[in-house]
Amino acid sequence: MRHSSCFLLCLMRFAAPFAMLAIAGQTLAADLRRGEQIFKQCASCHTLQTNSNGFGPTLNGVIGRNAGTVPNFRYSPAMTEAGAKGLVWDEAALSEFLRSPKSKVPGTSMRFWGFWFRSEIDDVVAYIEANQ
Ligand code: HEC
């Protein structure tokens, strides 16, 4: 019993770093195609078109925009306040928000926790930026 669980654990210990390396190697440069696929997870709530709010505000022009400022969208008080305090969606802020919406903007009404890898965030941010 002990023996077999050690076997599995050891296998994972040794295999995991190699798997991570392989993944990192493939996605060193932001991958727009992959970003487009990943954006489908956002598309249930967001579009990239102007004046097109869904359950979430349009992400058209979001890079460089103040948080909580799309007209005719009802933000949570937390998001409006974060914007009023100077939160701007540059790449870094957006990446942090996507890694953990609730840590970046406590009280936000955005429910999303779909990312396992940093590279997924990089790719989706690059895709949004390329489609402003
Ligand atoms: C379940 C619906 C939902 C999903 C899925 C979702 N969002 Fe959101 N998003 C929202 C809502 C609602 C808000 C407004 C949050 C608030 O007011 O606190 C928001 C806000 C945002 C904002 C702030 C916009 C602004 O104008 O300040 C960004 C940026 C954002 N989302 C990006 C994304 C990205 C990128 C994805 C995909 C990885 C995503 N969201 C997935 C619902 C969603």
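The values are calculated or read from the model by the stated rules, or taken from the named source; none is laboratory data. This one's a predicted model, so the numbers in the text were calculated from it and none came from an experiment. A quick note on method: Cβ atoms are made from the backbone with ideal geometry, for glycine too, and the neighbour counts reach across all protein chains shown.
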Original post:
Among the candidates Arg34, Arg13, which residue alone is assigned to a helix (DSSP H, G or I) and at pLDDT below 95?
Top reply: Arg13
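Take the conditions on the phi > 0 side of the Ramachandran plot, surrounded by 15 or more Cβ atoms within 10 Å (Cβ to Cβ) and modelled with pLDDT of 95 or more and apply them to Gly83. Does it pass? Before you say what the answer is, go through the steps one by one.
Numbers: on the phi > 0 side of the Ramachandran plot: no; surrounded by 15 or more Cβ atoms within 10 Å (Cβ to Cβ): yes; modelled with pLDDT of 95 or more: yes.
Criteria not met by Gly83.
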Original post:
Between residues in region 58-76 that are on the phi > 0 side of the Ramachandran plot and assigned to a loop (DSSP other than H, G, I, E, B) and residues that are surrounded by 14 or more Cβ atoms within 10 Å (Cβ to Cβ) and among the aromatic types (Phe, Trp, Tyr), which pairs lie under 9 Å by C-beta distance while being six or more apart or on different chains?
Top reply: Gly64/Trp89; Gly68/Tyr75
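With respect to Ala29, determine if the residue is part of a loop (DSSP other than H, G, I, E, B), modelled with pLDDT under 95 and not basic (Lys, Arg). Give the derivation first.
On the way: part of a loop (DSSP other than H, G, I, E, B): yes; modelled with pLDDT under 95: yes; not basic (Lys, Arg): yes.
So Ala29 fits the description; yes.
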Subject >> Those residues of region 114-129 which are within 10 Å of the ligand (Cβ to nearest atom) and not hydrophobic (A, V, I, L, M, F, W, C), in sequence order >> reply: Gly114, Glu120, Tyr127
Original post:
Gly35: buried (at least 16 other Cβ atoms within 10 Å of the Cβ) and in contact with an Asp or Glu (Cβ under 9 Å, 6 or more places away or on another chain), yes or no?
Top reply: yes
Original post:
When only residues in region 37-57 that are within 13 Å of the chain's Cα centre (by Cα) and assigned to a loop (DSSP other than H, G, I, E, B) count, which is nearest to the ligand (Cβ to nearest atom)?
Top reply: Cys42
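Would you confirm, using the coordinates I've provided, whether Leu21 is surrounded by 10 or more Cβ atoms within 10 Å (Cβ to Cβ), modelled with pLDDT under 95 and more than 25 Å from Ser103 (Cα to Cα)?
On the way: surrounded by 10 or more Cβ atoms within 10 Å (Cβ to Cβ): yes; modelled with pLDDT under 95: yes; more than 25 Å from Ser103 (Cα to Cα): yes.
Taking the combined requirement at face value, the residue satisfies it.
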Original post:
Are any residues in region 86-102 among the hydroxyl-bearing types (Ser, Thr, Tyr) and either at pLDDT below 95 or outside any helix (DSSP H, G or I) (or both), and if so, which ones?
Top reply: Ser100
Original post:
Hey, any hits in region 109-130 for a residue that's hydroxyl-bearing (Ser, Thr, Tyr), in contact with a Leu (Cβ under 8 Å, 6 or more places away or on another chain) and in contact (Cβ under 8 Å) with a residue 24 or more places away in the chain?
Top reply: yes
Original post:
Which residues, counting only those in region 87-113, are within 8 Å of the ligand (Cβ to nearest atom) and under 11 Å from the mean Cα position of the chain (by Cα)?
Top reply: Leu94, Phe97, Leu98, Pro101, Phe112
